[in-house]
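Since the structure comes first, as structure tokens, the remarks are kept for the end.
What follows draws every value from the coordinates through simple rules; no lab data is involved. What you are looking at is a predicted structure, and each value in this text was computed from that prediction instead of being measured. Note that each Cβ is placed from the backbone with ideal geometry, even for glycine, and that neighbours are counted across all protein chains shown.
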Amino acid sequence: MNRRANHFPEVREIQNFIDTHSIVTGWSRASIVDINLVPMELKIGAQTYTIHVMDEYNDLNYYNPLLNFVLVFRELELINDSSNYTDWCRQQGINANNDSLRSYYIDVAVTIPEISNYFSNKEITSFIVDLDFQLNSGAVQYLRI
């Protein structure tokens with residue numbers, strides 16, 4: 001991590017979390033469940049999960065492991081915060097009439113408690129404020145350089 005990263009505590013928190021839990025994120029060869037979502041692989045210790053992420057800002061083109069982490073954990077946050085499958089689809093702007101997508105949502109929703117155990121407060125976070133992510137400011141702007 002370079003000196004400029006020290007200006008962003010969120011970046012330090014992400015890196016510390018990755019180091020502490022041996023997290024690796026990257027592209028997945030899993031089948032696509034929706035044309036708007038990109039399958040990513042999340043490895044935490046010995047466990048591997050497939051998380052399909054919305055990459056509306058083309059962040060995967062930066063090939064930045066910290067930014068990949070943010071995308072994966074933002075998706076987990078969205079699923080965790082949604083009230084149900086239909087609500088999640090509405091938030092994502094995707095068609096809910098998709099059995100593969102519904103199965104994916106259910107599978108991930110079941111793993112949320114397991115993944116949340118890695119967080120001290122048992123609450124999944126991407127460490128990045130949503131507004132910063134959308135406005136390309138702060139730590140996200142740094143990660144997108």
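Going by what's in this entry, would Y85 be described as surrounded by 15 or more Cβ atoms within 10 Å (Cβ to Cβ) and farther than 20 Å from Q47 by Cα? Quick ask: steps written out before the conclusion?
Numbers: surrounded by 15 or more Cβ atoms within 10 Å (Cβ to Cβ): yes; farther than 20 Å from Q47 by Cα: yes.
Here the answer is yes, as Y85 does meet what is asked.
What's the number of the condition D55 fails, among (1) of a type in the set (D, E); (2) closer than 23 Å to L135 by Cβ; (3) more than 15 Å from the chain's Cα centre (by Cα)?
Among (1) of a type in the set (D, E); (2) closer than 23 Å to L135 by Cβ; (3) more than 15 Å from the chain's Cα centre (by Cα), D55 violates only (3).
Those residues that are of a type in the set (G, A, S), surrounded by fewer than 19 Cβ atoms within 10 Å (Cβ to Cβ), in contact (Cβ under 8 Å) with a residue 40 or more places away in the chain and touching a Phe, Trp or Tyr at 6+ places or on another chain (Cβ under 7 Å), I need them from the range 91-144; list them, please.
Of everything in the range 91-144, just one residue is of a type in the set (G, A, S), surrounded by fewer than 19 Cβ atoms within 10 Å (Cβ to Cβ), in contact (Cβ under 8 Å) with a residue 40 or more places away in the chain and touching a Phe, Trp or Tyr at 6+ places or on another chain (Cβ under 7 Å), namely G138.
Going by the structure shown, is A96 farther than 18 Å from I23 by Cα, among the hydrophobic types (A, V, I, L, M, F, W, C) and in a helix (DSSP H, G or I)?
Values: farther than 18 Å from I23 by Cα: yes; among the hydrophobic types (A, V, I, L, M, F, W, C): yes; in a helix (DSSP H, G or I): no.
No; evaluated as a whole, the condition is false for this residue.
Condition first: farther than 16 Å from V140 by Cα and surrounded by fewer than 20 Cβ atoms within 10 Å (Cβ to Cβ). Can you find one or more residues in the range 63-78 that meet it? Full working, then the answer.
Initially, the range 63-78 is screened for residues farther than 16 Å from V140 by Cα, giving 76-78.
With surrounded by fewer than 20 Cβ atoms within 10 Å (Cβ to Cβ) added as a condition, the list becomes 77-78.
Within the range 63-78 (the criterion being farther than 16 Å from V140 by Cα and surrounded by fewer than 20 Cβ atoms within 10 Å (Cβ to Cβ)), the answer is yes, since at least one residue qualifies.
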